[in-house]
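Below is one structure; the comments refer to it alone.
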Amino acid sequence: MDRRHFLASTAALACVTGAAPLGAVRAPMRAERAPLREWEIGPVIRGRNYSVGMPLHPEISREGWFFDFPGPRRRDGHVHYVTRRTGPLDGARGLRLRYRIDAQAGTRFVPQEFPDRAALLSLYIQRRGDDWLARRGTQFHRWYSPQDRVVPLEPGEHELTILFAENWISVMGSDHARSPRAFAEALAEAGRVGFTLGSSGGRGHGVFATAPARFTVLEFSVI
């Protein structure tokens, strides 16, 4: 499938899922929908967006909000981090994500860095002031779902709830159990929250789809 047919099929998928196709003209969002623009598809680091081929923000639907996976080839793009700003999380219990993936039969989700591995979803917390270099203290600024709580990308409706008492993983491979103070500080100084797409060894390193596929967030909440 070439890029032109991929986009045409994505528009057809939109008709099935009840949302407008990518690039369609939409009415202005109502005031209560404005917070949608707080969600960012990135990450954007020193002016570069690592989610190649993706819009900066998701789109609205009747059920929540969504984005379409890029594809069908790596060079067509890949989606990495989907996050929003947050305040301190030290008074919360955890994160919950409820979502649906719509895709054509036979669609594969492929990690752009490690295409031979399974495509995975991870919940995510980022401490304020992260410089993305993961050194001199900032190796404890990004935290991902515990090792046994990542979720493979597959069609259907899914729900994932992860408590902060569980063993979250830091960007350089430590975890809550070994670095409890660093994790507590990340919660107290949290700056962004959301989820990432990638694989083992690269939780937020990006995924594309081999056929049209849509990711719809039905609920994301701090609990």
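Bear in mind these aren't lab numbers, they're just calculated from the coordinates by the rules spelled out. These numbers come from a predicted model, not from an experiment. As a convention, Cβ positions derive from the backbone with ideal geometry for all residues, glycine included, and neighbour counts pool all protein chains shown.
Please compute the length gained on full extension between residue 178 and residue 75, using 0.36 nm multiplied by the number of residues separating them and subtracting their Cα-Cα distance.
33.2 nm
Two decimals, Cα atoms only, Kirkwood Rh: what is Rg/Rh over the range 54-199?
0.97
What whole number of Å gives the distance from the Cα centroid of the range 128-202 to the Cα centroid of the range 49-102?
With the range 49-102 and the range 128-202 each reduced to a Cα centre, they are spaced 16 Å.
Amide H of residue 153 versus every other amide H placed in the peptide plane: which residues, excluding those fewer than 5 positions away on the same chain, fall under 5 Å?
The list, which skips near neighbours in sequence, is 119, 120, 121.
For the range 100-115, in order, what is each residue's ³J(HN,Hα) by Karplus, 6.51 cos²θ - 1.76 cosθ + 1.60 with θ = phi - 60°, in whole Hz (x at glycine and Pro)?
9, 10, 9, 7, 5, 4, x, 5, 10, 9, 10, x, 5, 8, 10, x
Starting from the amide H of residue 204, placed 1.01 Å from N in the peptide plane, find each other amide H under 5 Å away whose residue is 5 or more places distant or on another chain.
199
Set the Förster distance to 30 Å, then compute FRET efficiency between residue 44 and residue 96 from the Cβ-Cβ distance, nearest 0.05.
About 0.70, to the nearest 0.05.
From the phi angles alone, apply the Karplus equation (6.51, -1.76, 1.60; θ = phi - 60°) to the range 180-191 and give each ³J(HN,Hα) in whole Hz, x where the residue is Gly or Pro.
Computed from phi, the couplings for the range 180-191 are x, 5, 5, 5, 4, 5, 4, 5, 5, 10, 4, x Hz.
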